[in-house]
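Participant: Pasting in a structure now, in structure tokens, and then I'll have a few things to ask.
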Amino acid sequence: MTMIRTTLATISALLLLALPVQAADDVIAAPTLRASVTVTSDVVRVGDLIDNAGSAALIPVYRSPDLGTTGALPVAHVLSVLRAKQVIGVMTGDIREVQVTRLARTLANKDLENAVASALERRFGLGDAANITVTFDRGVADMRLDASNTGALQPVATRYDARGGRFDIAFEINNDNNPAPTKLRFTGTAIETVEVAVLTRDIDRADLLKSSDVALERRPKAEVTGEAASRDRTIGMQLRRPMRAGTPIRVADIVKPDFVQRDQNVTIIYQVPGLYLTTRGKAIESGAEGDTVSVLNLQSKRTLTGVVTGRGQITVQGASQSPPMAPAVEQTSSLKRDEVPAPAAAAAALAQSLIQAPTSPAQIAQAQIPQARVSQAPAKSE
């Protein structure tokens, strides 16, 4: 008897413990309206608008806003529609309207251009995608797709006419909600371009190109025959011929600026170790820095050959390699003979004789003997 009573007491205790749990399961959470809703499909369902929608969650009630846009629904209108779908007792709190946003995947115009250029890269005679300029027919703007289109743009059919630059390319994008991929097709023109320096104004052959004279533009590669010149390479250069504004500049169009013009009065410099002698001359031909040109010595009426070393300056180098000498004393043809120190005077006389008369190797060798003797003479003590 005692055992029976103990068993009944245990069962009663267990039932008492189970009652609250059972009561909690019997309570159904009240449906609650959401103030902000985000959808990915083309319809808004009851489950999108309220929490705890239960079996009514999948019932469609509204058409979704356009892709990538947001719409507002008055609460009174929402409750009226829900009641029509047998959804009642919705808790609204202090919500006055419901914001509904439809998610979208946006393909920017630049993204589409890059996809076309990548599909054509290094095909049909074209180069890198970065150098391909794409123009769509009918001006394709930014494109919005359903957010379920998460795949990459994959070209599946590509046609290109190299003569006219026309393309026709079909793409596919994998769709999370549909086994069939989304298909896109684009047509237009694709032309390979190069970055080239162009003139901003008409330039004469004698003008030096300044920074303001040159701008960078992309031009069709077919318009630029030869190697296109970079902007940095053109600054400070001259044109081989006059050119008009907007003309692309090629490497073959530019030259170093002429530091010496034909028939220009110039300074002739005769330079040997230990001596720097100048005299007047006239250029027989034009030349840029580093060019070898002919020049007329106006004093001796002799024609010399020298290197352009500056503006209006031609240097005639010594014909022999002399041993190291004392620090050079700069002399000019206008100095009087008695003002020149003895060793320098001898070297100056030698240099002047070399400038005033043509010399042969033998004559040069003979002319060096006095200079060597002078350099070996004992120095005067002070």
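Participant: So Gln86 ticks every box in (1) within 18 Å of Asn52 (Cα to Cα); (2) in contact (Cβ under 8 Å) with a residue 40 or more places away in the chain; (3) outside any helix (DSSP H, G or I) but one. Which box is left unticked?
Facilitator: Going through the list (1) within 18 Å of Asn52 (Cα to Cα); (2) in contact (Cβ under 8 Å) with a residue 40 or more places away in the chain; (3) outside any helix (DSSP H, G or I), Gln86 breaks only (2).
Participant: Could you check the stretch 97-182 for strands (runs of 3 or more DSSP E) lying wholly inside it with 2 or more residues that are within 30 Å of Val43 (Cα to Cα)? Give the steps one after another, and end with the answer.
Facilitator: Working: elements: 97-102, 104-107, 132-136, 143-146, 154-161, 166-175.
Where strands (runs of 3 or more DSSP E) fall fully within the stretch 97-182 and carry at least 2 residues being within 30 Å of Val43 (Cα to Cα), they are 97-102, 104-107, 143-146, 166-175.
Participant: Testing Leu216 on (1) closer than 30 Å to Val140 by Cα; (2) out of contact with any Lys or Arg (no Cβ under 6 Å at 6 or more places or on another chain); (3) modelled with pLDDT under 95, one condition comes back false. Which one is that?
Facilitator: The one condition Leu216 does not meet is (2).
Participant: Just checking, does the stretch 213-228 include any residue being within 26 Å of Ala119 (Cα to Cα), of a type in the set (Lys, Arg) and in the same structural domain as Phe124 (by TED's automatic domain parsing)?
Facilitator: no
Participant: Sticking with this one: Hey, can you tell me all the residues within the stretch 89-110 that are closer than 30 Å to Gly165 by Cβ and either touching a residue at least 40 places away in the same chain (Cβ under 8 Å) or among the aromatic types (Phe, Trp, Tyr) (or both)?
Facilitator: So the first thing to find is which residues in the stretch 89-110 are closer than 30 Å to Gly165 by Cβ, and the list is 105-110.
Residues satisfying the conditions are Arg105, Leu107.
Participant: Moving on to the next point. Which residues, counting only those in the stretch 236-263, are of a type in the set (A, V, I, L, M), surrounded by 16 or more Cβ atoms within 10 Å (Cβ to Cβ) and closer than 23 Å to Gly312 by Cα?
Facilitator: Matches in the stretch 236-263: Met237, Leu239, Ile254, Val260.
Participant: Which of the residues that make up the stretch 183-212 are touching a helix residue (DSSP H, G or I) at 6+ places or on another chain (Cβ under 9 Å), surrounded by fewer than 18 Cβ atoms within 10 Å (Cβ to Cβ) and not aliphatic (A, V, I, L, M)?
Facilitator: The answer is Glu195, Thr200, Arg201, Asp207, Ser211.
Participant: Right, something else. Could you grab the pairs with beta carbons closer than 9 Å, sequence gap of 6+ or different chains, first residue in the stretch 306-329 and in the same structural domain as Val295 (by TED's automatic domain parsing), second one modelled with pLDDT under 65 and in a strand (DSSP E or B)?
Facilitator: Within 9 Å, no pair qualifies.
Participant: Continuing with this model, one more query. Of the numbered conditions (1) closer than 23 Å to Asp142 by Cα; (2) surrounded by fewer than 18 Cβ atoms within 10 Å (Cβ to Cβ), Ala56 fails exactly one; give the number of that condition.
Facilitator: Of everything listed in (1) closer than 23 Å to Asp142 by Cα; (2) surrounded by fewer than 18 Cβ atoms within 10 Å (Cβ to Cβ), Ala56 misses just condition (1).
Participant: Among the residues of the stretch 211-230, write down those that are within 20 Å of the chain's Cα centre (by Cα) and of a type in the set (Val, Ile, Thr).
Facilitator: Passing the criteria: Val214, Val224.
Participant: Restricting attention to the stretch 264-285, which residues are outside any strand (DSSP E or B), within 46 Å of the chain's Cα centre (by Cα) and not hydrophobic (A, V, I, L, M, F, W, C)?
Facilitator: Of the stretch 264-285, the ones outside any strand (DSSP E or B) are 264, 273-274, 284-285.
Checking which are within 46 Å of the chain's Cα centre (by Cα) leaves us with 264, 284-285.
Those that are outside any strand (DSSP E or B), within 46 Å of the chain's Cα centre (by Cα) and not hydrophobic (A, V, I, L, M, F, W, C): Gln264, Glu285.
Participant: Within the stretch 45-67, track down each residue that is touching an Asp or Glu at 6+ places or on another chain (Cβ under 8 Å) and part of a loop (DSSP other than H, G, I, E, B). It would help to see each step written out before you state the result.
Facilitator: The initial filter retains those residues of the stretch 45-67 that are touching an Asp or Glu at 6+ places or on another chain (Cβ under 8 Å), namely 63-64, 67.
Of everything in the stretch 45-67, those that are touching an Asp or Glu at 6+ places or on another chain (Cβ under 8 Å) and part of a loop (DSSP other than H, G, I, E, B) turn out to be Ser64, Leu67.
Participant: Considering only residues that are more than 23 Å from Arg219 (Cα to Cα), touching a helix residue (DSSP H, G or I) at 6+ places or on another chain (Cβ under 8 Å) and of a type in the set (A, V, I, L, M, F, W, C), which ones fall in the stretch 235-291?
Facilitator: Those that are more than 23 Å from Arg219 (Cα to Cα), touching a helix residue (DSSP H, G or I) at 6+ places or on another chain (Cβ under 8 Å) and of a type in the set (A, V, I, L, M, F, W, C): Ile268, Val272, Leu275, Leu277.
Participant: I want to confirm something. Restricting to the stretch 61-76 and keeping residues that are exposed (fewer than 15 other Cβ atoms within 10 Å of the Cβ) and within 52 Å of the chain's Cα centre (by Cα), which single residue is nearest to Gln99 (Cα to Cα)? Explain how you work it out, then say what you get.
Facilitator: If we filter the stretch 61-76 for residues that are exposed (fewer than 15 other Cβ atoms within 10 Å of the Cβ), which is where we start, we get 63, 66, 69-70, 72, 74, 76.
Those left that are additionally within 52 Å of the chain's Cα centre (by Cα): 63, 66, 69-70, 72, 74.
Details: Arg63: 14, Asp66: 13, Thr69: 10, Thr70: 7, Ala72: 5, Pro74: 9 Å.
Only one residue fits best here, namely Ala72.
Participant: On to the next question. With the requirement that a residue be exposed (fewer than 12 other Cβ atoms within 10 Å of the Cβ), farther than 19 Å from Arg102 by Cα and either at pLDDT 90 or above or in contact with a strand residue (DSSP E or B) (Cβ under 6 Å, 6 or more places away or on another chain) (or both), what does the stretch 25-53 give you?
Facilitator: Selection gives Ala30 alone.
Participant: Please pick out the residue among Ala108, Ala115, Ala162 that is at pLDDT 95 or above, under 28 Å from the mean Cα position of the chain (by Cα) and not polar (S, T, N, Q). Give the steps one after another, and end with the answer.
Facilitator: Details: Ala108 fails: at pLDDT 95 or above; Ala162 fails: at pLDDT 95 or above.
Selected residue: Ala115, the only one of Ala108, Ala115, Ala162 that is at pLDDT 95 or above, under 28 Å from the mean Cα position of the chain (by Cα) and not polar (S, T, N, Q).
Participant: Which residues, taken from the stretch 118-159, are without any contact (Cβ under 8 Å) to a residue 12 or more places away in the chain and in contact with a Phe, Trp or Tyr (Cβ under 9 Å, 6 or more places away or on another chain)?
Facilitator: Selection gives Arg159 alone.
Participant: Could you count how many residues in the stretch 207-242 are free of Cβ contacts under 8 Å to residues at least 40 places away in the same chain, of a type in the set (A, V, I, L, M) and assigned to a loop (DSSP other than H, G, I, E, B)?
Facilitator: 4
The values are calculated or read from the model by the stated rules, or taken from the named source; none is laboratory data. On a predicted model such as this, the values are computed, not experimentally measured, just so you know. Because the Cβ atoms are built from the backbone with ideal geometry, glycine has one as well, and the counts that use them run over all protein chains shown.
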